[in-house]
Amino acid sequence: MFLKEGEGMGAGLCLRCQNHHFTRPMCPPWGLIHIRLPKVAPAMGAENTGAWPHQVFSVPPEVAENMGSAVDVCVSGSGAVAMSLALALSAEGWSVSWAKAPAPTVPLPPDVRTYALNARAIALLTRLRVWPALQAFATPVHDMVIRGDQGGALSFSAWQQHVTELAWIVDAAALECLLGEALRYAPRVEVVPPLSTPHPQHEAQLLAVCEGKHASTRALLGVEFARQDYGHSGVAARLKATQPHHGVARQWFRSPDILALLPFNQPDPHASYGLVWSVPTARAQQLQSLAAADFERELNDALVKSDPAMRDVVGHLELTSGVSAWPLALAQAQRWTGPGWALLGDAAHQVHPLAGQGLNLGLADVDTLVDVLREAGAQEPWRSLGDERTLSRYARQRALPTQAMSGLTDGLLRLFSDERAPFKDVRNAGMGLVQRLGPLKQWLIGRALDA
Ligand SMILES: Cc1cc2nc3c(=O)[nH]c(=O)nc-3n(C[C@H](O)[C@H](O)[C@H](O)COP(=O)(O)OP(=O)(O)OC[C@H]3O[C@@H](n4cnc5c(N)ncnc54)[C@H](O)[C@@H]3O)c2cc1C
């Protein structure tokens, strides 16, 4: 709602959206501004009559456009990116309609994935007040050891990077559950049906599409999604080992598959792992069809074959969950923003999980978009939240880090999928080179920590 400047530092109840608003000291010359603050006490001198006095003045055309929208932002999607965005917008004081998919009629198997989250993602989850509860389902990574298929090796350690941990391994299901819980109590967030079922609250200044890689709204917006299938699937499961993990994440480039063991704290706080095993899709289907004992035998054999020392270092691995698989692809939306809309998370980009960066990129999108909207609100408050120029700042800021991460994961994958001898030599020698080249290693870890 729009309040007159100087109205006792103007506080008032908007009769349209029923939210309380506050004027800011740096009002534009015409003295009107759209304010977003949590419920506030009546301003000094204002009568507390329930409907606080406020006045609408003539507004510039750009502002008038905003007044047609029932809510500030409509967030469409049901995953971690959509929920984080809805929470972050609500914390900034914007009203949000959250268009989420209806609960499945048949219960889905639990998500057995563990996500490696970087420092920036953890900082966002901390600001969203989700991190304290999530920490019970999270394990810090102090060291990371990556091995090639012919003696190449690369290692990173938190103390060398002057950080307390390289990443946190978190339970994917717990993350989504806690974000959903936080949203139940978030002010100014209303759950509305998905966009396919028309609803007045879908009408917003900005539509944020966070519907994942199969986003149907992206297609309706006419945005192409260039997708390149890897022909591989990411097999995920939870494991328990006979030896403690000591906070070490391990990854083997075995050509054609990539095997990763991520230290985790459930069920055994010291000796559990999340498995991410990228294998050709036919092999993934075969692995999924195996009985638990057979799967464990295949996995333990693969591990010891890649690295005989693991027999003592990791010990024997046992399944503690079902086995799931996801098809892997590299994909990028041809446009991320347009008038009144923005794409975030996997709806905008999809990367191979070998570097554990997909969700980190999505959460960095959330962080950046909210920063851009906040700055625009302070500097150009007459602009709509869906202003294309404002949104293109978000797209520009995210383009480079996303392309760098897509290129890095794709390049590594291609390098390690070639069976020819010269490639094997080059990639293993390359790992040794990166290991010795401090600045390059520092750059790689910097990208991973920040997405
Ligand atoms: C095996 C594996 C391991 C991974 N490991 C990591 C890791 O370690 N670290 C990391 O950062 N990333 C990792 N990722 C990537 C990560 O899973 C994704 O990047 C992340 O889940 C993307 O989140 P999102 O919310 O954008 O999309 P999604 O998680 O796909 O969520 C989108 C949601 O929106 C729903 N939806 C779709 N259409 C609509 C609609 N019209 N209306 C409402 N809702 C809709 C979908 O059903 C879905 O629930 C991994 C991925 C895989 C496959």
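Every number here is computed from the coordinates shown, using simple stated rules; none is lab data. In this text, all values refer to a predicted model and were calculated from it rather than measured experimentally. Here Cβ is always computed from backbone atoms with ideal geometry, including for glycine, and neighbour counts include all displayed protein chains.
Check each of the GluC sites (Glu not before Pro) in the range 169-262 and keep only those in coil by DSSP with at most 13 other C-beta atoms within 10 angstrom; list them in order.
Details: sites: Glu176, Glu181, Glu190, Glu203, Glu211, Glu224; in loops: Glu203, Glu211, Glu224.
Qualifying residues, ordered by number: Glu224.
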Quick check: from the Cα gyration tensor, does the range 71-201 come out rounded (a/c under 1.5), prolate or oblate? prolate
Where a label projected 7 Å from the Cα of Glu176 along Cα→Cβ would reach, residues of the range 296-323 with amide N under 19 Å: 321-323
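For a footprinting-style exposure proxy, rank His202, His349, His316 by other Cβ within 10 Å, fewest first.
Values: His202 19, His349 25, His316 15.
Fewest-to-most ranking of His202, His349, His316: His316, His202, His349.
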Estimated distance in nm for a label pair at Asp229 and Ala101, the labels positioned 7 Å out from Cα along Cα-to-Cβ: 1.9 nm
For Ala292 and Asp268, what is the calculated FRET efficiency with R₀ set at 25 Å and r taken between the beta-carbons, to the nearest 0.05? 0.90
Computed E for Gln135/Arg311 - FRET, C-beta separation, R0 22 angstrom, nearest 0.05: 0.10
Going by amide H atoms built from the backbone, whose H comes under 5 Å of the H on Arg254, apart from near neighbours? Leu259
Mean separation of Cα contacts under 8 Å, 6 or more apart, over the residue count of the range 66-181: relative contact order %: 28 percent
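How much net charge surrounds Ala82 when only other residues with a Cβ under 13 Å from its Cβ are counted (Lys, Arg +1; Asp, Glu -1)? Walk me through the numbers before you get to the answer.
Working: positive: Lys100; negative: Glu176, Glu211, Asp346, Asp365.
The answer is -3.
Given a Förster radius of 51 Å and the C-beta distance between Arg374 and Ala282 as r, what FRET efficiency does 1/(1 + (r/R0)^6) yield to the nearest 0.05?
Details: r = 48 Å, r/R0 = 0.94.
The pair Arg374/Ala282 has a calculated efficiency of 0.60.
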What number comes out for the charge environment of Val130, summing +1 per Lys or Arg and -1 per Asp or Glu over other residues with Cβ under 15 Å away? 0
Among 386-397, 89-100, how do they line up from the highest to the lowest mean number of other beta-carbon atoms within 10 Å? 89-100, 386-397
Ranked highest first by average number of other Cβ atoms within 10 Å, how do 277-283, 366-372 line up? 366-372, 277-283
Under-5 Å amide H pairs with Ala99, H placed in peptide plane, nonlocal only: Val75, Ser76, Gly77, Val192
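Compute the signed sum of charges (Lys and Arg +1, Asp and Glu -1) over the other residues within less than 13 Å, Cβ to Cβ, of Ser97.
Working: positive: Lys100, Arg188; negative: Asp72, Glu190, Glu203.
Net local charge, Ser97 excluded: -1.
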In sequence order, what are the phi-derived ³J(HN,Hα) couplings for the range 181-198 according to the Karplus relation 6.51 cos²θ - 1.76 cosθ + 1.60 with θ = phi - 60°, rounded to whole Hz, with x for glycine and proline? 4, 4, 5, 4, 9, 6, x, 6, 10, 10, 7, 10, x, x, 4, 5, 9, x
Between the range 193-272 and the range 340-390, the Cα center-to-center distance that results, in Å: 18 Å
